[in-house]
Amino acid sequence: MKKKNDKAYVYKLVAVFTVVLVASAVLFACAGKREEPPEEPEEEKTEYTANSPLGIAESFVGKDVKGLIEAVGTLKGDPVIEPSNDGGGYQGTYEFDGFTVYTYAKAEDAEAIVTEIVPDTESEVYKKSIKTDSGESGK
């Protein structure tokens, strides 16, 4: 009768070993695979003709806003200058016909550096500034 128990023991041992082996293989196979985050589509950048107001404005990113005002012309109104959240600098908002310019200055009396140009996509200035395949402004 001992032989029957020995066979049952061996079968159980083989079954447990098989389960452990299969589980290890699955874990090993999954360990190398990391789920990649989904890629965000790149934002399509609109190109502007160089001599258009938006083309000129884009060339002033990283530069003093005073030069931009001289190059493009009159503001729609007074700029809005507010303390920034970093505890020492100042953020500015300048509205032009067809786009808004955002700036940053390290101090209240420091030069305001253009950080971003946001076009008004409904404006004629925007529509006329877009570079077409032929390299000309949109009309």
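Readers should treat all values here as calculations from the given coordinates under stated rules, not as data from a laboratory. The shown structure was predicted, so the numbers you read here are calculated from the model rather than taken from an experiment. Glycine also receives a Cβ, built like all others from the backbone with ideal geometry; neighbour counts cover every protein chain displayed.
Each other residue within a Cβ distance under 14 Å of G77 adds +1 if Lys or Arg and -1 if Asp or Glu, for a net charge of -2. A simple charge model with +1 on the Cβ of Lys and Arg, -1 on the Cβ of Asp and Glu and nothing else charged puts the dipole of segment 53-129 at about 220 debye relative to its Cα centre.
For the cross-link pairs K76/K106; K66/K131; K106/K127, the ones whose C-alpha atoms lie over 28 Å apart are K106/K127.
For segment 42-139, dividing the convex hull volume of the Cα atoms by the residue count gives 109 Å³ per residue.
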